[in-house]
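This report concerns only the one structure given below.
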Amino acid sequence: MNILHKGKSSFGIKKILPFITVLFLIIIMVLPYQYKIIANTMPFLTLIGIYYWSFFKPNLLPIGAVFVLGLLQDTLLGSPFGLMSLLLIVAQQFIFFQSRHFLEKNFIFNFFIYIILVIGFGFLSWGITSLYFVVFLEYWEVIIQILLTIALYPIIKLTLSLNNKS
């Protein structure tokens, strides 16, 4: 038996690819940027990765991995510990449970559902963070985050789907 069998050797990489790509998106989010406006309005890149992998390859991104990625993002960004884990798991479970009911392979319809998910995610994140820090955070920043997250989804989806051809 050949230990370098093509099907067997590539399975390990394919299994961790979703985790690695979402981790890469987190790293992009936490890089130091010269302008504060960029850091404060960074799109929810993690949500894009979670949405993509949960919809197109749900078995490759388990809930435990999403939890760890959310905790890592909270730790690196200084947000309330567990907030992103909670919101990302809720988003992932929404995708899991609703995908068999109304999500289709039609990009326009899926994009519309994605927009609704991003708006809910953004305002929940903003509201919980405002309550946690007992301060009314700038609402325009979350609106910019939501718009950037919506605008970047097709680009990141295309990039991930190119790497996922097999």
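The values are calculated or read from the model by the stated rules, or taken from the named source; none is laboratory data. What you see is a predicted model; the values in this text were computed from it and never measured. All Cβ positions, even for glycine, are placed from backbone atoms using ideal geometry, and neighbour counts span all protein chains on display.
Scan region 108-118 residue by residue and report those that are surrounded by fewer than 16 Cβ atoms within 10 Å (Cβ to Cβ) and in contact (Cβ under 8 Å) with a residue 12 or more places away in the chain.
Matches in region 108-118: 111, 115.
Taking region 122-143 only, how many residues are in contact (Cβ under 8 Å) with a residue 60 or more places away in the chain, farther than 30 Å from residue 17 by Cβ and touching a Ser or Thr at 6+ places or on another chain (Cβ under 9 Å)? Total satisfying the criteria: 1.
Collect the residues in region 66-101 that are of a type in the set (Gly, Ala, Ser) and within 12 Å of the chain's Cα centre (by Cα), keeping them in residue-number order.
Here is the first cut: in region 66-101, the ones of a type in the set (Gly, Ala, Ser) are 70, 78-79, 82, 85, 91, 99.
Of everything in region 66-101, those that are of a type in the set (Gly, Ala, Ser) and within 12 Å of the chain's Cα centre (by Cα) turn out to be 70, 85, 91.
The selection criterion, being part of a helix (DSSP H, G or I) and modelled with pLDDT of 95 or more, holds for residue 146.
Do the conditions hold for residue 33, that is, is it modelled with pLDDT under 90 and either more than 23 Å from residue 116 (Cα to Cα) or out of contact with any Asp or Glu (no Cβ under 7 Å at 6 or more places or on another chain) (or both)? Break it down into steps so the answer makes sense when it comes.
On the way: modelled with pLDDT under 90: yes; either more than 23 Å from residue 116 (Cα to Cα) or out of contact with any Asp or Glu (no Cβ under 7 Å at 6 or more places or on another chain) (or both): yes.
Against the criterion (modelled with pLDDT under 90 and either more than 23 Å from residue 116 (Cα to Cα) or out of contact with any Asp or Glu (no Cβ under 7 Å at 6 or more places or on another chain) (or both)), residue 33 qualifies.
Taking the criterion of being assigned to a helix (DSSP H, G or I), among the polar types (S, T, N, Q), over 23 Å from residue 162 (Cα atoms) and in contact with a helix residue (DSSP H, G or I) (Cβ under 8 Å, 6 or more places away or on another chain), the residues of region 50-92 that qualify are 73, 85.
Pairing residues of region 80-95 that are surrounded by 19 or more Cβ atoms within 10 Å (Cβ to Cβ) with residues that are outside any helix (DSSP H, G or I) and of a type in the set (A, V, I, L, M), at Cβ distances under 9 Å and at least 6 apart in sequence or on separate chains, gives 92/61; 95/103. Residues that are in contact with a helix residue (DSSP H, G or I) (Cβ under 9 Å, 6 or more places away or on another chain) and either more than 21 Å from residue 19 (Cα to Cα) or outside any helix (DSSP H, G or I) (or both) within region 100-116 comprise 102, 103, 104, 107, 110, 111, 113, 115, listed in sequence order.
Looking across region 88-104, just one residue is small (Gly, Ala, Ser) and modelled with pLDDT of 80 or more, and that is 91.
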